[in-house]
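Input: a single structure, listed below in structure tokens.
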Amino acid sequence: MTHPKTVLITGSTSGIGLGIAEKFASQGMNIIVNGFGPEKEIKKICDDLKKAGSPRVMYSDADMTKPSDIDHMCAKALQEFGTVDILVNNAGIQFVSPIEDFPDHKWDDIIAINLSSAFHTTKHLIKAMKANDWGRIINIASAHGLVASPYKSAYIAAKHGLIGMTKTIALEAADHGITANSICPGYVLTPLVENQISDQAKAHNMSEDDVVEKVILAPQAVKKFAKIEEIAELAAFLAGDAAQGITGSAYSIDGGWTAR
């Protein structure tokens, strides 16, 4: 009898992470959910993932800025499930400011959550993947991992770094049946982006509709937000056997933004 695969997804109590969790749950995988939220809301998320098809769901409130929290989450996952077959590093935050005004603590937090947390999860879990000669590491980067925009120095540095680290992991793990790839979405209408729209509207004294048209989606050829379901479908493909020869790649879902 084939045992269900186990997937750990950081930042999975909302947005892209939750969408990926729902997709993997529908494929009958065990899910480790990570993030923050009211206890009642977390319970509903876990119950819904079980209803969607996940045999077992574990929740961790590990703070992605704290390596000790990350190590404890990974150790508990290995203790509970024996291994983690698929790791999705999705946790991320954003802050927008000219570099001369960028608060030091915001830089530190963004680098910690968007980049360093993926190093710590991978470092802790890749040994079990190597022991099984199979694993999938999927890092949710961004179009901003490939191109830059003003006022996002920390986010862009972190996402460029994440793509680079993914390539290194792919090379190191190739002999062990492990692939590592990045997904680079353009703008997805998540709480993080909704907050950016509101902030940009205030900063530029524009309506939110104008911000979406003239600022947010302006670089894209296709003037639509990417859908969470699209990101989840690509993650599921990269986690499957059909993608066993794909590693070290960065996949764009950005409406043609980085084609320019």
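Data table
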read-out: Count of residues meeting criterion [more than 21 Å from M165 (Cβ to Cβ) and touching a Leu at 6+ places or on another chain (Cβ under 8 Å)] in segment 229-260; value: 1
read-out: Every residue from segment 207-224 that is of a type outside the set (V, I, T) and either surrounded by fewer than 16 Cβ atoms within 10 Å (Cβ to Cβ) or under 12 Å from V96 (Cβ atoms) (or both); value: S207, E208, D209, D210, E213, K214, A218, A221, K223, K224
read-out: Matching residues in segment 72-95 - criterion: being surrounded by fewer than 23 Cβ atoms within 10 Å (Cβ to Cβ), farther than 23 Å from W134 by Cβ and either of a type in the set (A, V, I, L, M, F, W, C) or touching a residue at least 40 places away in the same chain (Cβ under 8 Å) (or both); value: I93, Q94, F95
read-out: Residues of segment 204-228 classified as closer than 24 Å to G161 by Cβ and not in a helix (DSSP H, G or I), total; value: 3
read-out: In segment 170-203, residue surrounded by the fewest Cβ atoms within 10 Å (Cβ to Cβ) [restricted to those that are modelled with pLDDT of 95 or more and assigned to a helix (DSSP H, G or I)]; value: D175
read-out: Complete set of residues in segment 78-111 that are of a type in the set (A, V, I, L, M, F, W, C), closer than 17 Å to N34 by Cα and in a loop (DSSP other than H, G, I, E, B); value: V84, A91, I93
read-out: Residue count for segment 61-76, restricted to those that are within 20 Å of S14 (Cβ to Cβ) and assigned to a helix (DSSP H, G or I); value: 3
read-out: Residues of segment 11-45 satisfying the condition of being among the charged types (D, E, K, R) and either under 21 Å from V193 (Cα atoms) or over 19 Å from the mean Cα position of the chain (by Cα) (or both); value: E22, E39, K40, E41, K43, K44
read-out: Single unsatisfied condition, K167 versus (1) surrounded by 14 or more Cβ atoms within 10 Å (Cβ to Cβ); (2) of a type in the set (D, E, K, R); (3) at pLDDT below 95; value: (3)
read-out: Pairs where the first residue, in segment 172-199, is within 16 Å of L217 (Cβ to Cβ) and the second is at pLDDT below 85 and crowded, with 22+ Cβ neighbours inside 10 Å, C-beta under 9 Å, 6+ apart; value: none
read-out: Pairs, first under 21 Å from S14 (Cα atoms) and free of Cβ contacts under 8 Å to residues at least 12 places away in the same chain in segment 215-229, second surrounded by 19 or more Cβ atoms within 10 Å (Cβ to Cβ) and of a type in the set (V, I, T), C-beta under 8 Å, six or more apart; value: none
read-out: Members of segment 96-137 that are under 17 Å from the mean Cα position of the chain (by Cα) and surrounded by fewer than 16 Cβ atoms within 10 Å (Cβ to Cβ); value: K123
read-out: Residues (buried (at least 17 other Cβ atoms within 10 Å of the Cβ), more than 15 Å from the chain's Cα centre (by Cα) and not in a loop (DSSP other than H, G, I, E, B)) located in segment 244-260; value: W257, T258
read-out: Test: residue in segment 36-46 that is surrounded by fewer than 24 Cβ atoms within 10 Å (Cβ to Cβ) and within 22 Å of T122 (Cα to Cα); value: yes
read-out: Qualifying residue in segment 21-35 (condition: hydroxyl-bearing (S, T, Y), closer than 24 Å to N139 by Cβ and in contact with a Pro (Cβ under 8 Å, 6 or more places away or on another chain)); value: no
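The values are calculated or read from the model by the stated rules, or taken from the named source; none is laboratory data. Everything quoted here is computed from the prediction, not taken from an experiment. For neighbour counting, all protein chains shown are included, and Cβ atoms are generated from backbone atoms with ideal geometry for every residue, glycine included.
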